[in-house]
Amino acid sequence: MGVSDEMDALDTLGTSTIQKLENLLLVAVPRDLTDRDVLRLRRQVLTAIRQHRSRWVLLDFSRVDICDSFFGRFIQSTAKMADLMGAEVVVAGLQDAVVETMVDLGMTLPGVHAVLDLDDALALSRTGSRGSAGVEEQGPSRSTGSSWDGGSEWLDHDSDKTMGVDTSYTHTFSSSLTGK
Amino acid sequence: MGEEQPVQRRFAIKSIVDVVRARRSGLGIALEMGFHQAEANKIAVVISELGRNIELYAGEGLVTVTKYDDRIEIVAEDQGPGIPDVERVMAGGYTTSQGMGLGVSGSKRLMDEFDIHSIIGQGTTIKAVKWLR
């Protein structure tokens, strides 16, 4: 097998698609992204959020069969950036083999929600405003819905860390663990 | 019974595209050998992490994938600056790059055997093995 054959088989950025579906942006993440492609895709997603005023972004990972730490960082940073724009990133379609590797690798993605499929993502995006998503697993600190409700909440979180998304989810996650 | 002559694939790493190509081939090789999808996936991620480090710190190097009857061996070698503090890198969470600081420490967790040989100013060789079970 020649090297050029393998190159032809690579699934790169050219095949990615960003589609608008209701108030959800549907991003089909290609399999074989170079680092530059990953950054380009992140910019495309952020531009599309603004263009379409989308409050939800679904990163569809069903084609991705190799997820290294750089890819993990892409998911994480896209979620943080989207959060600053007022949109929430949801991940869907991570393969079982992929999640096993991610967890064993030690990758944690605080603040990133996952859903099973597009139906669940649509259902999530239809139930109320962003920020109140996945309300059942959230502790009292976000129970008031969108982050905009509690100005003090923002200030509190700002004092620990600048990225609101990180701290708020970490807080709620740990509080749900301790049962408070 | 003696061991079958191992089959080797060598991937010159000069850019991230080379890394992407090497990990994709590595996944195929591991699956062909009979590794479970999840194990093959881990092997591919290790090729990706080690290949990425070569590109990032040394600029260029070589990733060699060797098939044995009962195991796969990944060797990543470069003539780059070397790793100043191997222990710290192995412990994880340490990065000078855009990653999560998991490249080396995480790769070690994904494999059965993992050895680093690094000399400052001369280069780094990392050997990682996963056994077929």
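The values are calculated or read from the model by the stated rules, or taken from the named source; none is laboratory data. Predicted model only: the values in this text are computed from it and were never measured. Ideal geometry is used to build each Cβ from the backbone, glycine not excepted, and the neighbour counts take in all protein chains shown.
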Exercise. Filtering the stretch A:30-71 down to residues that are outside any loop (DSSP other than H, G, I, E, B) and touching a residue at least 40 places away in the same chain (Cβ under 8 Å), which residue is farthest from the other protein chains (Cβ to nearest Cβ)?
Worked result: A:Trp56
Exercise. Which of the strands (runs of 3 or more DSSP E) contained wholly in the stretch B:23-133 include at least 1 residues that are under 16 Å from the mean Cα position of the chain (by Cα), crowded, with 22+ Cβ neighbours inside 10 Å and modelled with pLDDT of 95 or more?
Worked result: B:61-67, B:71-78, B:123-131
Seminar exercise, completed: By residue number, the members of the stretch A:99-124 that are closer than 16 Å to B:Gly106 by Cβ and touching a helix residue (DSSP H, G or I) at 6+ places or on another chain (Cβ under 6 Å) are A:Glu100, A:Thr101, A:Asp104, A:Leu105, A:Gly106, A:Met107, A:Leu109
